[in-house]
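Note sheet for the following structure.
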Amino acid sequence: GDDCMDGRVQTLLDYGTKAGVEKFVILPVAVQASRTRHINDFILEQVAKEPRFYGYGTVHAAMDNLEEEVQYILDKGLRGVKIHPDSQVFDIDDARLFPMYEMIQDKLPIIIHMGDLRYDYSRPEKLRHILDLFPRLQAIAAHFGGYQMHELASQVLHDKNCFFDVSSSLMFMQPGEA
């Protein structure tokens, strides 16, 4: 219908329920550092209203109060952290993020958008660098670790504490690759 993909919570619930989805993991991204708390509060509000939602928080490398926001995410019970370096325009191994990685080690997973050949922000080698520095970090490399570089991701990350998600990837792969 006309309301497909309109970004509304009810549309997500309607389509998801129709498709048999029982739980929804909500993964927000703060494209502007100044919007981070507002976004995290919106996710908390939605999670409080809808028991099928598992909300993640978001952070931005350019935040002045990154550690405070990570503590807020921990204190409020969000289930993890999501970053999308390509749209947020920072490297995943930017040292400004190191306090966040340290704070969530052993506590929360982080899901990271990975592997867009148009940009250099989220290359698998950069995630390996992070996992070398923070070996107890539970990382989820979105899109098979890089929807346009999944073979490289598999080679670079095979021995690390890293999971791959499969979203938005299959159209870039050959049959049998997954």
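The values are calculated or read from the model by the stated rules, or taken from the named source; none is laboratory data. All values derive from a computational prediction rather than experimental measurement. Cβ coordinates were reconstructed from backbone atoms using ideal geometry, including for glycine residues, and neighbour counts include every protein chain displayed. Each accessible area value is taken on the protein alone, full model and side chains, heavy atoms only, with ligands, DNA and RNA left out. Shrake-Rupley method; radii C 1.70, N 1.55, O 1.52, S 1.80 Å.
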With a cut-off of 8 Å between alpha carbons and a minimum separation of six or more residues, what is the relative contact order of the chain in percent? 15
Is there a quick way to get the dipole size of the chain? I mean about its Cα centre, with the Cβ of Lys and Arg at +1 and of Asp and Glu at -1; what is the value in debye to the nearest 20? 320
Roughly how many Å² is the accessible area per residue of the chain, as a whole number, for a 1.4 Å probe? 53
Pick from 15, 101, 121 the residue whose mean-square fluctuation is largest in a GNM of the chain, springs joining Cα atoms under 10 Å. 15
Please enumerate, by chain and number, the aspartates and glutamates with C-alpha under 17 Å from the C-alpha of residue 18, excluding those fewer than 8 residues away in the same chain. 2, 3, 6, 50
Out of the total accessible area of the chain (probe 1.4 Å, heavy atoms of protein only), what percent is carbon and sulfur? 52
Relative to the compact-globule estimate 2.2 N^0.38 Å (N residues), the Cα gyration radius of the chain stands at a ratio of 1.04
Using label points projected 7 Å from each Cα along Cα→Cβ, tell me how many nm separate residue 31 and residue 136, to one decimal. 3.7
What lysines could a cross-link reach from residue 49, if we take a straight Cα to Cα line under 19 Å and drop same-chain neighbours fewer than 8 places away? 23, 76
